[in-house]
Structures are given as structure tokens and as C-alpha cells.
1. Straight-line reach from K161: which lysines have Cα under 29 Å away, leaving out those fewer than 8 places along the same chain?
2. Near the amide H of I275, under 5 Å away, which other amide H atoms are found, from residues 5 or more places off or on another chain, if H is placed in the peptide plane?
3. Need the C-alpha centroid separation for the stretch 117-195 versus the stretch 209-255, integer Å.
4. Hey, what D do you get for the chain in µm²/s if you plug the Kirkwood alpha-carbon radius into Stokes-Einstein at 37 °C and 0.692 mPa s?
5. Once you have the Cα-Cα distance between E273 and S321, take 0.36 nm times their residue separation minus that, and quote the gain in nm to one decimal.
6. Hey, got the dipole for the stretch 153-278? About the Cα centre, +1 on K and R Cβ, -1 on D and E Cβ, debye to the nearest 20?
7. Shape call for the stretch 153-278 from the C-alpha gyration tensor, a ≥ b ≥ c root eigenvalues: rounded (a/c under 1.5), prolate (a/b greater than b/c) or oblate?
8. Enumerate the lysines that K8 could reach by cross-link, defined here as Cα to Cα under 16 Å, with residues fewer than 8 away along the same chain left out.
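Each reported figure results from applying straightforward, stated rules to the coordinates on display, with no laboratory input. Model, not experiment: these values are computed from the prediction. When we count neighbours, we look across all protein chains shown, and the Cβ atoms used for this are built from the backbone with ideal geometry, even at glycine.
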Amino acid sequence: MRAMLLEKPRPADENPLRLAELPNPEPAAGEIRVRVRACGVCHTDLHVVEGDLQLPKLPLIPGHQIVGTVDALGAGVTEFRLSDRVGVPWLYSTCGVCSYCRKGLENLCEQARFTGFHVDGGYSEAMVVPAAFAYPLPGNFSDLEAAPLLCAGVIGYRALKLSNLQAGERLGLFGFGASAHIVIQIARHWKCEVCVFTRTESHRRMAHHLGAEWTGAAGDTPPAPLDAAIIFAPAGKLVPDALRTLRKGGTLALAGITMSNLPEMEYQLLYHERILRSIANSTREDVRGLLRLAAEIPVRTEIEPFQLPEANRALQNLKGSRIHGAGVLVI
């Protein structure tokens, strides 16, 4: 099979991924092999290839927004049949027995493994995954349209839930990439007003097209205080700006897996019971909930396709904010 292989983390501009020919992986008991059709390109992939995250495995095939069909079954698999279409997200497996798993917080499992990080992911023609961590996909999305739902959509959905946003309230989004363009559609479905903070004019136009009430830059003042806000950009300097926009008791959720250092700030920004919280990974129920909701709305994903050998260019465009919506590799 063909795959884009990371042998040593390097800046995206140095083309760290190499097109390689590798053996097809074989599913173990309880696993399925997925013949990959599409894989979304995520900021986490960028952090992986550039070495912002300490990698537990090298060489490594990145990618964790995977759409494909089942083409081999490991022993004991009953959840799927050959040719079923499935999605594979970031959460690859958990222990199922620790205190976090028992509390429904499997996203915090100490033994959790992640796709395209602990195990080879979807920048390839095939990959294997435990059947319990793969998902049937709604039929009203094409392969390319479904791919961004599996991380950009899921993390945005979890961030929305943990931001305590209620129907009809006012939401702020800081950064407007793959995740935010899905979140705004969910928020509008919930009859919420959305304010978008982004430095890119084309992203502001897309935000207005998707129903944003107001757009501006970080540091600008929205028309009214926000009930909740989410920061998608990995920039800690945005935290004081976002807190300034919140009403008393509002919640600011940080959706990135990494972020630059938070600056020193006045306690008054957090006072009056404002909440500052991070979002870490996702649960299987988050994936199921997002897929149901996306089909119901239905969410429309804006995608920019790249061929598999163009993965380095896709990451470079992502880093330079030159992708509008979500980049997707066509496998």
C-alpha cells in the first residue's frame, strides 16, 4: 500500500512526509482493516509532523479523520461486515476499566491510544482499528464531506457542550478553520447568535455566509457580551481577549491539543464566576452524537481536496491559513 510516512519530525515547509510503499496491515482479533478513501487534514497532524508533540512511535503514518470501507475482519468481529463504510476518529482505543473510563470520561483514560499518533493513521491506503472504535457514517455525506466531521466536527461538538452554551444564547468563535465552520452551523441550528474573531478576511466572508451575526479581529468588541466562547487557534495570547468578551458566569473553552503559553492577566477578567476550561480528546458518545446531529441539520462541510502525495502541501497550506474550510486527502 502507499502511505505518507513520517520518519523524523521537521517543519512542514521541509516536506517531512515521504511517499512510501508498505505492506498492508493485518487486523488482529477484534479489529477491522479499513480501505481508506479519504482522510481529513488536521492541525493536530501539523503538530505531529513538526514535533510539537512528543511522539510515542516513529516512523509514523499520520491522519485521524478517516473514511473508508471494511475490507478485512479480525477474529470475533460482529459489528461490521465487509464493504461497510466506516469512519475512524482520533480516539483509537481505551482500557475500559480505569476510573475515567468507568465515569464516562474515556477521553481522559491513562491508557488511551490515538490514531495517527500511537498507531498508524489514515495518510495511507489502508489501516487497522478496533471495531469498537469505528463508526457507521450517515449516508447523506460523501466520503470527502464526512472526513472533517471525525475530528473537526467532534472536537467542536465537545467544545460546544462543555462551553455550557444554551439554545438562543450568544457564542464567540476565535479562529475560523475546519472545526469552527462546522460549529457555527450547529450553533445556528440551536438558534444561537455567533460572533467570529479571525484575522483572515476570507474566513470572515465564509463566517458571514454561514450565518455569523458579526465578525472582527481578536481584541475587537462584539455587539453584546458573549454567553460562551471557544478558542480554536493555538494562541494563548487570545485568552485575555476572549475573557473580556464574556458576560458574568460565561465559559471560555480552549479546543486545541496544544497552545502557546497563556499570558499573565488581571484576575478581574476571570472574576464573576467566569469559567476557563480545556477540551481534551473526545469520547465515543461524542462521535455518535455529532454524527447524528450533523445528519439531522444537515451540516455542510467546506472541503479542499488534495491527492495523497500532496500531503506535505496540504499541511503547508493549513499552517499558512490558506485552506478555507477543511483540507481532505483523496486516497
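1. K103, K191, K237, K248, K319
2. So I275 has HN proximity to G250, T251, L252.
3. Using only Cα atoms to place each centre, the spacing works out to 19 Å.
4. Numbers: Rh = 20.0 Å.
Translational diffusion coefficient: 164 µm²/s.
5. Details: separation 48, 0.36 × 48 = 17.28 nm, distance 3.42 nm.
Here the segment from E273 to S321 would lengthen by 13.9 nm.
6. Values: 14 positive and 10 negative charges, 54 e Å.
In total the dipole reaches around 260 debye.
7. Working: a/c = 1.40, a/b = 1.27, b/c = 1.11.
The shape class here is rounded.
8. Within the straight-line limit of under 16 Å, K8 reaches these lysines: K57.
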